[in-house]
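Q: Before I ask anything, let me first share the structure, which is written out below as C-alpha cells.
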Amino acid sequence: MSLNPRQQRLLDEVARDGAISVEILANRLEVTPQTVRRDVRTLVSAGLLSRFHGGVAVPDSTTRNLGYAQRQALNADGKRRIAIEVARRIPDGSSLILNLGTTVEEASRALVHHDRLRVVTNNPNVAAILVHAPNAEVMLAGGLVRAHDHGIVGEATVDFVRQFKVDFALIGISGIESDGTLRDFDFREVKVAQQIIGAAREVWLLADHSKFERRAMVEVGHLSQVDVLVTDVPLREPFTSLLRETSVRCLVAGQVDTAADPISERTGAVDGRA
C-alpha cells in the first residue's frame with residue numbers, strides 16, 4: 001500500500017515506542033483522535049499495526065516476520081537515509097556481499113551509480129538492481145527460493161558464499177536485543193547470514209530504530225562481530241554502552257561523523273578509487 005506522510009509518521013512513532021495510545025499519537029501528530037483512529041484502521045487492515053484497548057502496537061512475533069510489503073512500508077524514510085549514508089562511504093571498485101532485507105535492498109538502490117562493483121548476493125531483488133550499475137559484476141547464489149520475498153536460502157547458498165572474501169558485507173537483521181544478540185526468523189536464512197559475516201573484511205549492519213529490542217527466534221550472532229552499525233536515529237542505553245564495549249562504530253544517517261573513515265584506514269581512498 002502507499003502511505004501518506006501522516007500515516008508514515010504514525011508508523012514511525014509506534015515503531016519508536018513499541019506501543020502507544022491514540023491520545024498520545026494525536027498530540028504528537030497534531031491531529032484529532034478521530035483522524036488517528038481512521039489511520040489506525042487502515043494500517044491495521046494492511047497488517048502494519050495491531051490494535052489493543054486504547055492504543056496500537058507494531059505486530060510482534062518471535063516466530064514469524066512481518067510480510068514483505070509490510071516491511072517495505074515500515075520506516076521507509078529511515079531506510080532511505082541509511083542507504084544514502086552507506087552509499088556515500090562505499091568506494092567505486094568495491095567487492096560486496098548483500099543479504100536479504102528491505103534495508104539492504106534500499107542500499108542497493110543507492111549504490112546503483114557506483115562504478116566497477118563486484119557483488120555477491122542471495123537476494124534476487126538486489127541482483128536485479130545492481131546489475132544496472134556501470135561495469136558491475138553480480139553473482140547470484142543458488143539455493144531454495146522463498147516464495148514471499150524471493151530470498152535464496154539453504155545449504156547450497158551457504159556453500160556458494162563460502163567461496164568468497166569481499167571488502168564489505170552489507171547485512172540486515174530482524175532484531176537486536178539489549179545484550180547485543182542479533183536475531184532473525186528463518187534458520188535457513190540465518191545460516192547464510194553467518195557465512196556472509198565470515199566472508200567479509202568489514203561487516204556493516206544496516207538497522208533502523210525499529211530493530212532495536214525487537215524479538216526474533218533464531219540467533220545470528222552478536223553485535224561484536226560487526227565493524228560498523230548504520231542506523232537512522234541516535235541510540236539510547238543500553239545500546240550506547242554496548243557499542244563502546246564492543247568497539248563498534250555507529251553511523252547515524254545524516255549526522256556529521258568526526259571519526260576516521262574506516263575506508264580511508266583500510267584502503268587509503270575515500271574519493272571513489274578502489
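Q: For an R0 of 30 angstrom, estimate the FRET efficiency from the Cβ-Cβ distance between Asp159 and Val44 and round to the nearest 0.05.
A: FRET efficiency, Asp159 to Val44: 0.10.
Q: In percent, how large is the relative contact order of region 160-228, given Cα pairs closer than 8 Å and 6 or more residues apart?
A: 45
Q: With Rg and the Kirkwood Rh both taken from Cα atoms, where does Rg over Rh land for region 105-249?
A: In region 105-249, Rg relative to Rh is 0.96.
Q: Which one, Thr121, Thr181, Thr32, has the greatest fluctuation when you compute a Gaussian network model over the chain with C-alpha springs under 10 angstrom?
A: Thr32
Q: Hey, in the GNM for the chain with a 10 angstrom Cα cutoff, which one of Asn122, Asn135, Asn99 fluctuates hardest?
A: Checking each option, the largest mean-square fluctuation is seen for Asn135.
Q: In the neighborhood of Arg80, defined by Cβ-to-Cβ distances under 12 Å, what is the net charge if each Lys or Arg adds +1 and each Asp or Glu adds -1?
A: -3
Q: How high is the relative contact order of the chain, in percent, with contacts defined as C-alpha pairs under 8 Å that are six or more residues apart?
A: 16
Q: Taking the Cα of Arg146, stepping 7 Å toward and past its beta carbon, and measuring to each backbone N in region 105-124: which are under 14 Å?
A: 105, 122-124
Q: Now a separate question. Say we join alpha carbon atoms closer than 10 Å with springs in a Gaussian network model of the chain; which of Arg183, Arg162, Arg16 then has the biggest fluctuation?
A: Arg162
Q: Give the calculated FRET efficiency between Ser178 and Met139 to the nearest 0.05, with a Förster radius of 45 Å applied to their Cβ-Cβ distance.
A: 0.80
Q: The chain: Rg/Rh from Cα coordinates, Kirkwood Rh?
A: Radius of gyration over Kirkwood radius for the chain works out to 0.97.
Each reported figure results from applying straightforward, stated rules to the coordinates on display, with no laboratory input. What you see is a predicted model; the values in this text were computed from it and never measured. Virtual Cβ from ideal backbone geometry, glycine too; neighbours counted across all protein chains shown.
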